[in-house]
Every structure is written in structure tokens, then in C-alpha cells.
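Enquirer: The structure follows.
The values are calculated or read from the model by the stated rules, or taken from the named source; none is laboratory data. Just so you know, these numbers come straight off a predicted model, no measurement behind them. Here the Cβ positions follow ideal geometry from the backbone for every residue, glycine too, while neighbour counts run over all protein chains shown.
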């Protein structure tokens, strides 16, 4: 069907499980250590240590782990120490077997499992566990010793809010899972692990609440994740690009967020979260158009005020995309539309400008774009200074030099400001790109071109789907109940039901019908 | 890239069908109806539109009754079951041609306000081609996308109607519409056929019924759609007559645009007709794409093909060519006044569905006995 599909199919055909030559664990510790080093290509960070078990001269054990991925104090205190120093009770030892004896009577680490094939051992070592081999046993022990330097839990930089919880996700998957788990203490909250990427072997977790989420969406997410075939996943955006419905559309069909509270709220609405190890950005599916203008802030503030803010954001969204196009259509083609005094002031501002209105506005927009892009890459300390200087140059000097008219500066800066008023970071790239096609078409065809753009965008949005759900839901198809939380946010007690478009068994949020109407 | 399954047949809800119907019926008639109706019925035009609404509701009743006899098939398919293979094919073709003629003529009518009110220096061909690209895009995306668009465009329609009601408030003179009770009811009836024929475009339901998912409420919503449209239309005409006087309404083709152009509620709210035209684009666009969809889909069933995309590609240049044919506005308006109202309305919109319904009932009774 599509390129990507073929891509998947071809690779699936090639991907036959290679039979491991010798997948058994040897009974000799020395051989095992050699095998481990060979399997991990004698890398310097593979640490192995052989020692006597319980002070016996004929019984040896060995551990193997990757330096830097483990918590060494656990290894020292809870694995090596008891294994070396604790006396072995010979009777019990021969009765239960070496491996089980070590697991049940000696090692004091909290998560210890028996492993019986060698490739699994290697996998565990790569994930930061420690493997214990014991002479005379064809099984090994896996001790959970993961631990590495990690960032502390910070406020997410791109999604700062005024009120509400300030913690953000980190690069460690387990921390992220914990952050979610702390909000929802529900046994139905599922975290289903997967592994993606041939060489990165990235751990991916599909999180959802059973009964609240739509099984069809959960299955669809898992199906798409299983289809991914790539060597390495560095960021969750790799996965987003593979599994989203329309990766080429400027409109994102999958949500990315760094806020645990946002993910939790989405899980409680019945959506599915995808947590990827090594990145603080969690994906949430499905993502709908109306969520561009929604922010966690809305739910922590008075509903009347946050409804007003949402209306403002909707307006900003329109201004960010359409204002330059509308300006150019009106100024070049339909001057009669503007009230006479306004038209006069626009024209008097343009009197000494050497460019056409179109060239003027596109020049300024590209300048602002450069300023914006440069602001991201400036070293932190001078970034602010430079952006102020840039703003002064672009704004004040361009006008006084007679390059652009003051009116255009207002239009372009309003557009840029409006694009920052839309809270979704996912939306910002869309809003940087879309004004240009609208501007060009309106510059060629006037109001007709402007309307043409709106309708073309409308059809595009109407044809998009996110995991089987129409992108414009709940506006189209119109649903009164779901519109309680779209452009307006109704008070919490009025939102009795979860979104209608998620087909799940458990649909009620509240048991009371209305405030003060409880029976 | 990923086609999700399971949502294939739930194209429209019956309420979505109602919005689509209102859009389709109201978008064009609100501009093209007032002038010819007023020319015949004078200041009673608003009454004659209400009479026309009643006629259209009869058509709507017959259409839904007929459609619900075969709820999973379109008229192109079941006409062959009712009147036999050969005549059925002819009947199907008549319907397809009717739909097709609307696509062509509406596409041309669509460009007229742009040429005469907003941007004069764009060539006709450019507007036609660009509009056709939009329609093609929508039709290729399917009925579900068109339905979603129509839900959004309903907001435009509501704003547009509100604009018409509020803007001319200062210009209104109730003396223009008096006497309210007509001296001769005949005058009102004579003009009713124009709006009746516009509102009887309800026959698109014959092609859409299989795609509606809750068919039980279809009759209710269909009749409601015609009623709402009729009342809106009647109110718009009444306001136009009050604001401009019936002589001026009858002599200007796009009287609604003129109404908005002259309306001046305050200093800052004047000359709003470019905005009105922009909204009108959205409304008429829905009408065009739904008609093009049913033409293409009907032709696909008529020819027995699997995919309608090829037909859509082939048909769109033909539509553009045919839309280029009329020389000017008055030639375009020949179609509604000389062909649509006197010929197509009684024969295709009214007679054919009724005939099919009667034959079907007789046939079913005969089979029972």
C-alpha cells in the first residue's frame, strides 16, 4: 500500500529468529566468564569477578555486569558479601542445588531470578543487571542492580504552567512510571512492556487503564508499535513518526508531553500513553485538534476564567495562521473592506516603502523566523541580550530606515506573539509553517485565495484521523456532551462522563448527577 | 498511512445528515431565491416561500419513504429492482444527470459573487479550476470528511444568517411589507414554485440514505431540515423586502449581497459583503462537494465499478469545461428559471420519486398476493 508498509513487510520476511549456537549456560564458571566477554566483545566496561563461594576452596562463583549501569553498593553488600562470607550448609546445599541455595539462603538483593539460557543473561547484563554464575550449575542468577546517574525531577521547560504540579518526566523510564503511578493507585492501571529497536533495544511501555480505555485503540497502538523496525530509538519522536496516522501533515496526530499530570489526565479520559526509556517526552494517543488550545492550567483554575482563556487561545490560533494572509488579501485586493480612516493610515505608513506589501511582509516574517531560530541556539547567557537587540533592530530600525511600514511590524509581531499564546508545544511548528502558504495564496488571489486556504485546511483537518477517531471530534461530528470540555471548560461537576468518542465500559467520572442533586 | 477498521459504514449520523441538508438547501437559495420570487409574488414573497416549503416537505416525505423501502441501497441500485433492468438504468441516469447539472451550474454560480463583488481581476478559469481542486480533494477524502466539514461550516452559516438579520436593522421600514395578508392568494402561490424547486433538492437524500447510521430518525430530521431552511429563507426575504422594497429586490440578482453592502450598523461595521462572500464560499463548497460526491458515486454504481476515484478525475475537467460555457450571469440564470423550476422540478424531483414509490408499493402487494 504505502512505502512504509512495504518497508515493514520486507523486513519482517528477513527477520527470522536466528538459532543461538550454544545457548546453554556452562557448568564451569571460567567458561561462562569467557563466553560473556566474547559475547560483549571484550569491552572495557564489562566487569567480571570470580570468587570462592562461602569460603570453600573447590566451589567458585562469578559475577558479571556492565560498569556504569549498576549500583555498586548493592553488588558489594548484597551479592558479593553474603556469597563470600556466609558459610555454606552442605546438607541443604546438595539438597536444593547450588543456584537455588544461593538465591534462597545467601543473596540479599531484592529482585533475584533464575535464568537458564545464555542469551537472556547477556540481555540482562546490557540492561544493568548483575549475573551470578556458580560452579556446577547450568543456571545463572539475575540480580536487579540497575542504577546510574540521572537528572533530578525538574519542571518541564517547554510546558511551564502557573499553578498545579511542577514535576516533569525524566530520562529514566522507571521514574516516569512511578510519577504516573503516584497519581493513579488503581490496580487496573496497566503498564505493558515492549522492546523496540534492534541495537538500542529500547524499553517502551504502553500505559492504559483497563475498563476506562478503548480496547480497540490499545490494540491498535500495540499493533503499530510491533510493526516498527529500526536499529535505534533515541527519542520518543522516532516512535511518534512511525506510529502516527499522518506523519506528513503539519498537524500532529499524536500528543507529546513532559508533564505527568497531563498524561494522567489523559489516561483517566481513556487514552493510551507510550513511555519510552531514555526520553522525558511521553506520547499520548489519540490526539485531537481541540487539544491544541487546552492546557493543564485550565483544570486548575476557575472554569469561567479558563473558558475565557480558551476562547482567547482559539483566537490566537487563528491569528497565528491567518492574520498575515488576511492583511495581504485586504491591502492588495480589497481595500474597500477597511474603514476609510484605517485605510488612510495604512496607506500613509506605506508611502515611502520601496517594496510591495507582499515583499514587505514576507521579508519581516523571515527576519522574525531567523530571530526565533537563533534564539534557540544562542548560548544561554547572551541569548536574552541578543534577542532584545534583534527585536529592536527588526522593529524600530526597520521602520525608521523606511524598509517596512509600522503596520506590517504590528501584524507580524501579533502573529508571532499569538503563536506563543497557544499552549501546545506540538502546535508551534504547525503555526510556524502554515502562515506562509496562506500568505502566498492570499497574495496571489486576494480574499478568494484566503477563503480557499481556509477551506483546504478545513477539508484536510476533516479527513485526518488519530487512531480511528476523527481529528475534529467533538466539533465534527458534533457532540454536545463532549463539547463540555472543548472550547469551553464546564465546571467539574458537570463533566459527569468521560469523552464519548472513547468506547469503553466505564464511562462515568462522577456518580453524582449534579452538584446538589445527590440522592 | 494507517487505515483504521470498523468505522467504514458510519459515515453520517442523522443529525449530521440534517446539518448537511440545511447547508445544501440554504446556501444557494438564500442568494438566488429572493429576486425571482419577489418578481412574481411582490411583497408576499415570504408567504410564497412558506408555501414552497410545504411543497418541498411533500417531496421530502416521498423521498424518505421511497429511500427507506431499500435502506441499504441508493436510487441508482434499487430503481433497477423496481422497474426492471433497462428502464431502471434510464431512471438512474436521469437522477445522475440531474445531480451533475447542479454541480456544473452551481460551480458557475459560485464564481459570480467573486467576480462581481470581491476580486475582479482573477480570470474565471482560475477560480473554476481552484474551486474544482478543493471539491475533488474533499470528494476523494470521502463522505465522512464532507460530513465533518459541514458540521463546522454550520457555524459559518449561523453567523451568516445572524449577519443578515442584524446588519440591516437600521434600514428596515415595515411599510414596505404591508399589507401582510395578501389580496390574492394566487400571487403568493405562483411564486412558490421557485423556492419549492430549490428546497426540493432534498432528492440528494435518495443517494445518501445508505450512509446514514441511525435511520430511524431520518424522516424527522429530513423534514426538520426543510422546515428550518424554509423559515430562514422566508425571514431573509421578508427582511430584504422591508429594507429595500420589493421592486429593488426583484431587479437585483444578488439582492442579499446588496443588502449587506448597504447595511451600516455603525461606523466600523460597514461594507461587510467580502466577509459574507467568504462565508458563502464555505457554504456553497459543501453543496458542491456533496453533489459531486453523489454524482460520482452514482455513476460508479451505474457503471458497476469498484472505485469512484477514476470517475472523479475524469469528470472534473468536464465540469470545468461545461461551467465555462455560459457567457454571463443572465445566461447562467436561464437554467434555474427556464429548466429547473418548470421542467426538472415537476418531473424529476416530484414525479419520478412518487412514481417509483407507487410502482414499488403495487409490486410488493402483487408479490404478497
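Enquirer: Any residue at all in segment A:317-337 that's closer than 30 Å to residue A:409 by Cβ, touching a strand residue (DSSP E or B) at 6+ places or on another chain (Cβ under 7 Å) and either crowded, with 18+ Cβ neighbours inside 10 Å or outside the structural domain of residue A:458 (by TED's automatic domain parsing) (or both)? Spell out how you get there, then give the answer.
Expert: From segment A:317-337, those closer than 30 Å to residue A:409 by Cβ are A:317-337; that's our starting set.
Okay, now just the ones that are also touching a strand residue (DSSP E or B) at 6+ places or on another chain (Cβ under 7 Å), so none.
Looking for residues that are closer than 30 Å to residue A:409 by Cβ, touching a strand residue (DSSP E or B) at 6+ places or on another chain (Cβ under 7 Å) and either crowded, with 18+ Cβ neighbours inside 10 Å or outside the structural domain of residue A:458 (by TED's automatic domain parsing) (or both), one finds none in segment A:317-337, hence no.
Enquirer: Please specify each residue of segment A:59-98 satisfying the condition of being at positive phi and either outside the structural domain of residue A:46 (by TED's automatic domain parsing) or over 40 Å from the mean Cα position of the chain (by Cα) (or both). Break it down into steps so the answer makes sense when it comes.
Expert: Within segment A:59-98, the first condition is being at positive phi, and the residues that meet it are A:68, A:97.
Passing the criteria: only A:97.
Enquirer: Still on this structure: Tally up the residues in segment A:344-384 that are in a helix (DSSP H, G or I) and within 21 Å of residue A:413 (Cβ to Cβ), please.
Expert: Qualifying residue count for the region: 27.
Enquirer: Any idea how many residues of segment B:132-149 are in a helix (DSSP H, G or I) and at the interface with chain A (Cβ under 8 Å from one of its Cβ atoms)?
Expert: Looking only at that region, the number is 10.
Enquirer: Let me confirm something: among A:232, A:240, A:246, which residue is farther than 21 Å from residue A:164 by Cα, in a loop (DSSP other than H, G, I, E, B) and within 14 Å of chain B (Cβ to nearest Cβ)?
Expert: On inspection, the qualifying residue turns out to be A:246.
Enquirer: Next question, about the same structure. Which number in (1) under 22 Å from residue A:329 (Cα atoms); (2) within 11 Å of chain A (Cβ to nearest Cβ); (3) surrounded by 18 or more Cβ atoms within 10 Å (Cβ to Cβ) marks the one condition that residue B:121 misses?
Expert: (3)
Enquirer: Next question. Considering A:110, A:78, which residue is part of a loop (DSSP other than H, G, I, E, B) and either touching a helix residue (DSSP H, G or I) at 6+ places or on another chain (Cβ under 8 Å) or within 30 Å of residue A:201 (Cα to Cα) (or both)?
Expert: A:110
Enquirer: Please pick out the residue among B:193, B:165 that is part of a helix (DSSP H, G or I), crowded, with 20+ Cβ neighbours inside 10 Å and touching a residue at least 40 places away in the same chain (Cβ under 8 Å).
Expert: B:193
Enquirer: Please work out which residue is nearest to the other protein chains (Cβ to nearest Cβ), limiting yourself to segment A:435-453 and to residues that are within 11 Å of residue A:321 (Cβ to Cβ) and surrounded by fewer than 21 Cβ atoms within 10 Å (Cβ to Cβ).
Expert: A:437
Conditions (1) under 16 Å from the mean Cα position of the chain (by Cα); (2) at pLDDT below 90; (3) surrounded by fewer than 19 Cβ atoms within 10 Å (Cβ to Cβ); (4) outside the structural domain of residue A:436 (by TED's automatic domain parsing), marked per residue:
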| site | (1), (2), (3), (4) |
| --- | --- |
| A:158 | yes, yes, yes, yes |
| A:179 | yes, no, no, yes |
| A:183 | no, no, yes, yes |
| A:192 | no, no, yes, yes |
| A:231 | no, no, yes, yes |
| A:243 | yes, no, no, yes |
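Enquirer: So, one more: Among (1) within 16 Å of residue A:184 (Cα to Cα); (2) crowded, with 24+ Cβ neighbours inside 10 Å, which single condition is residue A:264 missing?
Expert: (2)
Enquirer: For segment B:98-108, indicate whether the set of residues that are free of Cβ contacts under 8 Å to residues at least 24 places away in the same chain and more than 8 Å from chain A (Cβ to nearest Cβ) is non-empty.
Expert: no
Enquirer: Okay, next question. Filter segment A:454-492 down to the residues that are in a helix (DSSP H, G or I) and within 9 Å of chain B (Cβ to nearest Cβ) and list them by number.
Expert: Step one: list which residues in segment A:454-492 are in a helix (DSSP H, G or I), which gives A:454-463, A:482-484, A:492.
Across segment A:454-492, the qualifying residues are A:454, A:455, A:456, A:458, A:459, A:460, A:461, A:462, A:463.
Enquirer: Going by the structure shown, is residue B:32 away from every other protein chain (no Cβ under 14 Å) and either out of contact with any helix residue (DSSP H, G or I) (no Cβ under 6 Å at 6 or more places or on another chain) or surrounded by fewer than 18 Cβ atoms within 10 Å (Cβ to Cβ) (or both)?
Expert: Details: away from every other protein chain (no Cβ under 14 Å): yes; either out of contact with any helix residue (DSSP H, G or I) (no Cβ under 6 Å at 6 or more places or on another chain) or surrounded by fewer than 18 Cβ atoms within 10 Å (Cβ to Cβ) (or both): yes.
Here the answer is yes, as residue B:32 does meet what is asked.
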